[in-house]
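Notes for the one structure printed next.
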Amino acid sequence: MSLLDDLQGLSSAEDFFTFLDVPYEPSVVHVARLHILRRMGQYLRGSEVEGALASADDAALMSLCREHLTQAYEDFVKSSPIEERLFKVHKEAIEPKPEPNRPFVPLTALSGQNLSAGE
């Protein structure tokens with residue numbers, strides 16, 4: 001079984017921290033668990049682009065995963081999930097909202113119609 005297989009078998013953020021032997025404060029992980037793992041994934045994808053994952057043996061891969069998990073965790077020790085805006089809902093929350101499309105009927109368009117039943 002490879003390291004990647006072992007990582008895929010993990011089911012919680014705490015499992016990742018324990019498996020990779022990265023110290024953490026439970027209160028930070030409790031608030032930002034999904035954000036930390038997503039950020040770690042972003043960092044790993046960056047390494048993949050640079051070719052580090054393809055050429056890594058299990059020891060190098062373990063070191064790389066540990067480094068990226070630590071880096072992702074530190075991001076959320078220094079900041080909050082809302083400030084980091086990793087998920088679409090947080091990004092959309094700060095986007096300017098378009099003006100609603102309100103139909104406009106000019107008064108001149110109404111002038112030829114019977115507007116009240118009492119006329």
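No value in this document is a laboratory result; all are computed from the given coordinates. Because the structure is a prediction, the values reported are computed rather than measured. Neighbour counts are summed over all protein chains in view; Cβ atoms, including those assigned to glycine, are modelled from backbone coordinates with ideal geometry.
Length available on full extension from Leu4 to Ser27: 0.36 nm per residue minus the Cα-Cα distance, which gives 5.6 nm.
Here the simple spin-label model places points 7 Å from the Cα toward Cβ, and for Phe104 and Thr18 these points are separated by 6.3 nm.
Here Lys78, Lys97 are placed in order of increasing Cβ neighbour count within 10 Å, fewest first, which gives Lys97, Lys78.
Peptides 7-14, 62-69 ranked from most to least packed give 62-69, 7-14, packing being the mean of other C-beta atoms within 10 angstrom over each peptide's residues. Peptides 52-61, 101-110, 39-48 ranked from most to least packed give 39-48, 52-61, 101-110, packing being the mean of other C-beta atoms within 10 angstrom over each peptide's residues.
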